[in-house]
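Participant: There's a structure below that I have some questions on.
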Amino acid sequence: MNRSFTKFGGHFLFAIFFVLCLGVKSQLSTNFYSKTCPNVLQIVRREVQKAIKVEMRMAASLIRLHFHDCFVNGCDASVLLDGSDSEKFAAPNRNSARGFEVIDAIKTAVERQCSGVVSCADILAIAARDSVLLSGGPTWKVLLGRRDGLVANQTGANALPSPFEGLNILTAKFAAVGLNITDLVSLSGGAHTIGLAKCAFFSNRLSNFSGTGAPDATMDTSLVSELRSLCANGDGNNTAPLDRNSIDLFDNHYFQNLINNKGLLSSDQILYSSDEAKSTTKSLVESYSSNSNLFFANFVNSMIKMGNVSPLTGTNGEIRKNCRAVNSLTEI
Ligand code: HEM
Ligand SMILES: *[C@@H]1O[C@H](CO)[C@@H](O)[C@H](O)[C@H]1NC(C)=O
Ligand SMILES: *[C@@H]1O[C@H](CO)[C@@H](O)[C@H](O)[C@H]1NC(C)=O
Ligand SMILES: *[C@@H]1O[C@H](CO)[C@@H](O)[C@H](O)[C@H]1NC(C)=O
Ligand SMILES: *[C@@H]1O[C@H](CO)[C@@H](O)[C@H](O)[C@H]1NC(C)=O
């Protein structure tokens, strides 16, 4: 009697251990809010639709916010926090990351129906998914259940992947959050099929590139002249489309641009043109440029992986009431 009880207990403990192990990989689920906020997906979709009707570029800006969130302390909405250590002031975000007012509007609409239930980190993940779909890209079921972080990390945000870094450094930065080369190509390539970039992030390619006395040899010469006149005022704020073939459409033209030396950022073009690319990313760029279905499938897989970077779950973190501040401060 006693012995069989022990045996049963052992199996039971083993079962719990097994479930915990699975949980470590991802504690997120697609139906996380089905009881507590059943309309959350519709609410976010409606607000994203509203925002991109005002400005199509907002789809791109929202996708980028999710990326900049997940790469700094995991997908915990740290990018949304205001305050002295705000990630918004870090170099990759300052005067560049945008869409914060749209996230506020979504949060307000969600709070109206289900107060204190849906995290800002999940709102970023849903808004990114909707932005891809509403731009003509693929869709997927978003995993949910992330909680919001309690701190911003400006140092971490300053270390986000930079357009001035080489392929080996970018690869290492992706690997540090569990993303591989396939993810690097499908995500940065994929997302840069829409949206804009400022001259400040690519004008170094237009003359005396890396001290060579000449423009970046891997940029098409007519594109060099065109961008030179765009950036001529020197203030760095003028913008060019990341995918000049189809600015607002989520498609695989970005990869075709790279093959034609028409990538905008250095970090884009090196995926095809650098020496390291020959044994790593170049063949993927070629595959995606001719196979849109493969690109879409890999992009979806990589977005889900990125959304799984170190989420706070269980009793970690909190559900922020206001995406810009942690609750303790809001309530004082
Ligand atoms: C190698 C890694 C990456 C680098 C170096 C990089 C760099 C940049 C830069 C410099 C800009 C222009 C920002 C501006 O001018 O204000 C930009 C825009 C953008 N990035 Fe990336 N990025 C990378 C990966 C990603 C990933 C993984 C995503 C999302 C999954 C993404 C989504 C976007 C989008 C959608 C835009 C356009 C934003 C807008 O128009 O507001 N990027 N990126
Ligand atoms: C901030 O981010 C950096 C780089 O990702 C990390 O090493 C550091 O531990 C983070 N700091 C905090 C306080 O989370
Ligand atoms: C990257 O990870 C995915 C799984 O998410 C895998 O299918 C793919 O083969 C990996 N790519 C490389 C280059 O290891
Ligand atoms: C290009 O830059 C290098 C080093 O940054 C500098 O020594 C050189 O004088 C520059 N050349 C031109 C043509 O401006
Ligand atoms: C670029 O725009 C930002 C704000 O959008 C502004 O603070 C900055 O002064 C501008 N740069 C120049 C040189 O005008």
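Only the coordinates and a few stated rules stand behind these numbers; no lab work does. Only a predicted model underlies this, so the values are computations on that prediction, with no experimental measurement involved. Note: ideal-geometry Cβ built from the backbone for every residue, glycine included; neighbour counts use all protein chains shown.
Participant: Report, in debye and to the nearest 20, how large the dipole of the chain comes out about its Cα centre when Lys and Arg carry +1 and Asp and Glu carry -1 on their Cβ.
Facilitator: 940
Participant: Another one. Calculate I(q)/I(0) for region 182-332 by the Debye formula, one identical point scatterer on each C-alpha and no solvent, and give its log10 at q = 0.20 Å⁻¹ to two decimals.
Facilitator: For the requested q values the scattering log ratios are -1.15.
Participant: A further question follows. Along each principal axis of its Cα atoms, how long is region 275-332 end to end? Whole angstroms, biggest number first, please.
Facilitator: 56, 27, 21
Participant: Based on the mean of other beta carbon atoms within 10 Å per residue, what is the order of 220-233, 276-289, most packed first?
Facilitator: Ranked from most to least packed, the peptides come out as 276-289, 220-233.
Participant: A further question follows. R0 = 30 Å: FRET efficiency of residue 239 with residue 34, Cβ-based, nearest 0.05?
Facilitator: Between residue 239 and residue 34 the formula returns 0.15.
Participant: Based on the alpha carbons, how large is the Rg to Rh ratio for region 85-200 when Rh follows Kirkwood?
Facilitator: Over the Cα atoms of region 85-200, Rg/Rh equals 0.96.
Participant: Let me ask something else about it. Amide H neighbours of residue 242 under 5 Å, at least 5 residues apart or on other chains, H built in the peptide plane: list them.
Facilitator: Residues meeting the amide H criterion: 195, 196, 197.
Participant: Could I ask something else about it? For region 209-273, what is one quarter of the convex hull surface built on the Cα atoms, given in nm²?
Facilitator: 4.8
Participant: How much mean residue ellipticity at 222 nm does the chain get from its helices, if each DSSP H run of length 4 or more adds -39500 (n - 2.57) and you divide by all residues, to the nearest 500 deg cm²/dmol?
Facilitator: -14000 deg cm²/dmol
Participant: Would you kindly derive the ³J(HN,Hα) couplings of region 174-180 from the backbone phi angles with the Karplus curve 6.51 cos²θ - 1.76 cosθ + 1.60 (θ = phi - 60°), listing them in order in whole Hz, with x for Gly and Pro?
Facilitator: Along region 174-180, the couplings run 5, 4, 4, 10, x, 10, 9 Hz.
Participant: Rule-of-thumb check for region 13-168: C-alpha Rg over 2.2 N^0.38 Å?
Facilitator: 1.10
Participant: Rounded to the nearest Å, what's the spacing between the alpha carbon centres of region 221-259 and region 299-324? Just the number, please.
Facilitator: Region 221-259 and region 299-324 have Cα centres separated by 32 Å.
Participant: Hey, another quick one. Sort 305-311, 247-253 by packing, meaning the average of other beta carbons within 10 Å per residue, with the highest value first.
Facilitator: 305-311, 247-253
Participant: Using Cα atoms only, what is the angle between the long axis of helix 100-113 and the major principal axis of the chain, expressed in degrees (0 to 90) to the nearest 10?
Facilitator: 30
Participant: Name the residues whose placed amide hydrogens come within less than 5 Å of the amide hydrogen of residue 30, ignoring near sequence neighbours (fewer than 5 apart) on the same chain.
Facilitator: Those qualifying (amide H under 5 Å, at least 5 residues apart or on another chain) are 144.
Participant: Which residue, 71, 299, 202, has the most motion in a Gaussian network model of the chain that connects Cα atoms within less than 10 Å?
Facilitator: So, out of 71, 299, 202, the one fluctuating most is 202.
Participant: Could you please state, rounded to a whole Å, how far the C-alpha centre of region 171-218 is from the C-alpha centre of region 43-88?
Facilitator: Region 171-218 and region 43-88 have Cα centres separated by 21 Å.
Participant: At 37 °C and a viscosity of 0.692 mPa s, what translational diffusion coefficient does Stokes-Einstein give for the chain, taking Rh as the Kirkwood radius over Cα pairs? Give it in µm²/s as a whole number.
Facilitator: D, rounded to a whole number, is 156 µm²/s.
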